[in-house]
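The values are calculated or read from the model by the stated rules, or taken from the named source; none is laboratory data. Keep in mind it's a predicted model, so treat the numbers as computed, not measured. Every residue, glycine among them, receives a Cβ derived from its backbone with ideal geometry; neighbour counts consider all protein chains shown. Keep in mind that these areas ignore ligands, DNA and RNA; they rest on the heavy atoms of the full protein, side chains included. Shrake-Rupley method; radii C 1.70, N 1.55, O 1.52, S 1.80 Å.
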Amino acid sequence: MRQHQLAIKARFCPEMLERILRVTRHRGFQICALNMDHITDSDNVNIELTVSSQRPVNLLFSQLMKLVDVAGVEIKDKESRLISA
């Protein structure tokens with residue numbers, strides 16, 4: 001299985017993390033690591049998510065970008081390639 005690291009910027013609300021985890025699971029990705037950091041004086045959070053799967057990470061990327069509370073997603077691969085929106 002191949003691992004991918006994603007950096008997600010999102011608006012903080014109670015159901016936001018649950019939606020991200022559900023989309024990740026439904027797209028066939030296994031979560032290896034998760035770190036969430038709340039930005040002081042803001043309603044935003046930064047989420048570092050490490051996932052593994054045989055599937056292309058672009059499938060997960062496009063679905064996460066469709067979530068209402070997600071402001072941006074960056075894919076950080078081992079080869080230092082950066083894809084963001």
State, as an integer percentage, the relative contact order of the chain based on alpha-carbon contacts under 8 Å between residues 6 or more apart. 41 percent
Where does each of 66, 9 land when they are ordered by accessible area, with a 1.4 Å probe and the largest first? 66, 9
When the helices in the chain are scored as -39500 (n - 2.57) per DSSP H run of 4 or longer and the sum is shared across all residues, what 222 nm value do you end up with, to the nearest 500 deg cm²/dmol? -7000 deg cm²/dmol
From zero up to wherever the largest Cα-Cα distance of the chain sits, split into 10 Å bins and tell me the percent of pairs in each. 18, 57, 23, 2
Counting only residues 5 or more places away or on other chains, whose amide H sits under 5 Å from the amide H of residue 44 once H atoms are built in the peptide plane? 12, 39
Given 0.36 nm per residue, what is the gain on full extension from residue 42 to residue 11 after removing their alpha carbon distance, in nm? 10.3 nm
³J(HN,Hα) across the stretch 3-17 via Karplus (A = 6.51, B = -1.76, C = 1.60, θ = phi - 60°), whole Hz, x for Gly/Pro? 9, 9, 10, 10, 10, 10, 10, 8, 7, 6, 8, x, 8, 4, 5
Per-residue ³J(HN,Hα) for the stretch 37-47, Karplus 6.51 cos²θ - 1.76 cosθ + 1.60, θ = phi - 60°, Hz, x for Gly and Pro: 10, 7, 7, 5, 6, 8, 9, 10, 10, 10, 10
Calculate the dipole size of the chain relative to its Cα centre from +1 charges on Lys and Arg beta carbons and -1 charges on Asp and Glu beta carbons; express the result in debye to the nearest 20. 500 debye
